[in-house]
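The values are calculated or read from the model by the stated rules, or taken from the named source; none is laboratory data. As the structure is a computational prediction, the values presented were derived from the model and not from experiment. For accessibility, only protein heavy atoms count, side chains too; no ligands or nucleic acids. Shrake-Rupley method; radii C 1.70, N 1.55, O 1.52, S 1.80 Å.
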Amino acid sequence: MQIRQKYKYNVCGYTRFMIIDQHGTHYYVNNSLFYWKWNAIEDYYDIKIGKYYAAKTFGYRVPMFGLFPNIYAMGNRSNQH
């Protein structure tokens, strides 16, 4: 995926870290107990706009509940499309 935009917003006192890919899909970059991931802030700030990444995601977009897919792992991608 290519990162087109990054943003963050607050919900009930919690900051949500978000990215948007080249297709306009929004993703959470957050911590996950299920994947034992605790470095969301570092991942968010390491992600560069315009670069390509190989991302592992889970979840679905459910607008009615304000849900977005979650990114639990990202790595640099050498080939670009």
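Segment ASP46..LEU67, full-extension length gain: 5.2 nm, with 0.36 nm per residue of separation and the alpha-carbon distance subtracted.
At a probe radius of 1.4 angstrom, the accessible area of the chain per residue rounds to 70 square angstrom. Of the whole protein surface, THR57 contributes about 60 Å² of accessible area at a 1.4 Å probe radius. Summed over qualifying helices (DSSP H, 4 residues or more, each -39500 (n - 2.57)) and divided by its residue number, the chain shows a 222 nm mean residue ellipticity of -2000 deg cm²/dmol. Rolled with a 1.4 Å probe across the full set of protein chains, the surface gives ARG16 an accessible area near 80 Å².
Were the residues from THR57 through LEU33 laid out at 0.36 nm apart, the gain over their Cα-Cα distance would be 7.2 nm.
For the residues LYS51, LYS37, a 1.4 Å probe over the protein chains yields an accessible-area ranking, largest first, of LYS51, LYS37.
Where both bridge residues fall in the chain, DSSP classifies roughly 90% of the beta bridges as antiparallel. Please report, to two decimal places, log10 I(q)/I(0) for the chain at q = 0.12 Å⁻¹ as given by the Debye formula with identical point scatterers on the Cα atoms and no solvent. Evaluating at q = 0.12 Å⁻¹ gives log10 I(q)/I(0) of -0.32. Carbon and sulfur together cover what percent of the accessible area of the chain at a 1.4 Å probe radius? Here it works out to 55 percent.
Using C-alpha pairs below 8 Å separated by at least 6 residues, the relative contact order for the chain is 28 percent. Applying the Karplus relation 6.51 cos²θ - 1.76 cosθ + 1.60 with θ = phi - 60° to segment 59-67 yields 3J(HN,Hα) values of x, 9, 7, 10, x, 4, 9, x, 9 Hz, where x marks Gly and Pro.
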